[in-house]
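Derivation of every value follows stated rules applied to the coordinates shown; laboratory data play no part. For clarity, every value in this text was computed on a predicted model and none was experimentally measured. Cβ placement follows ideal geometry from the backbone for every residue including glycine, while neighbour counts extend to all protein chains displayed.
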Amino acid sequence: MQKSDIKPKTEYALREKRTPGSPFERVRVIEHVRGNKWKVQWIDPNPGLIDYVESGKLIVPWKDHKLFLKEEANEQCLREHNVRNGYDGEESPIVRALYVVFESVGDGIDFYKGCLTAAPETLARLRARARVTLPRESPVTYTNRRGELRLPFDVAVDLAQKFCAAEPATVLVNIEATEREWDQKARRGEDYIVSLLNEYRASWALIRQWAGQDAAIAQREAEIQRLERLVWDAVYALQKAGLDAEAARLRRAIERR
């Protein structure tokens, strides 16, 4: 706990080892000593024992310790589920892509270490923007002690993909601007930016796929090729009609493309 949150004459759950799953000890804070040191009296185990502990070992008020343990177990299930469903750390292209997408969303959506956190009303707004009519629910989604929903990695991926498809401009404008800025820095000789560009281009490519940009580009290129064939047909038609000047003008225009 933070020093400012600890109150004398209040009971707390203490952990000697600050790792999830470590047993709790029940103590009562007697007084603040100095810095982050507190004088406490043990209730269980070793009732009556008095000693000094650091703020960080006082985990949660004793009255809330059962809720804390339940949340801790839920979080452990969530993280194990993430590993089973493709989350392999912060350096993967798909995880970087999710950070970019949810930063673009704004509205209090927080994505961190494979988990999505949002107030229920915020999540409802995101789903509406992503045009999700039947939300993808997960058995490991839970509500934390602050009333926020914690959603797993696979649900976050699904939401990000649907959001990109529904609001492509929201995410594409940001990545296009970032890519231009970083590319200019790289051209000016700022070597450190080159590695960033290489790392993020794979993630940006994923986002463009989710936003349908690749399909749109392919469709545009096909239309350009169709129009080019029509222009070449017109060139040959003009030549046959003896209109060589007009044919040459069209030929030059298409060859400059």
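Here are the numbers:
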| quantity | calculated |
| --- | --- |
| Where labels lie 7 Å past Cα in the beta-carbon direction, separation of residue 232 and residue 17 in nm | 7.3 nm |
| At R0 = 30 Å, FRET efficiency that the Cβ-Cβ distance of residue 194 and residue 165 yields, to 0.05 | 0.45 |
| Integer Hz, Karplus 6.51/-1.76/1.60 couplings in order for the stretch 142-159, x for Gly and Pro | 8, 9, 7, 5, 8, x, 8, 7, 10, 10, x, 4, 5, 5, 4, 4, 4, 5 |
| DSSP-assigned coil residues among GluC sites (Glu not before Pro) in the stretch 2-89, each with at most 16 further Cβ atoms within 10 Å | 16 |
| Sparse-neighbourhood loop sites, trypsin sites (Lys or Arg not before Pro) in the stretch 142-185 - DSSP loop, at most 15 other Cβ within 10 angstrom | 145, 146 |
| Shape call, the chain: gyration tensor on alpha carbons, a/c limit 1.5 | prolate |
| Exceeding the 31 Å Cα-Cα cut-off - candidates 39/66; 7/66; 9/66; 63/162; 63/113 | 63/162 |
| Residues residue 143 and residue 10, FRET efficiency given R0 of 22 Å [Cβ-Cβ distance, rounded to 0.05] | 0.30 |
| Net length gained if the chain between residue 50 and residue 69 were fully extended (0.36 nm per residue, minus Cα distance) | 4.3 nm |
| For residue 30, distant residues with modelled amide H under 5 Å away | 9, 39, 40, 41 |
| Pairwise label distance in nanometres, residue 254 with residue 107, each label 7 Å out on the Cα-Cβ vector | 4.8 nm |
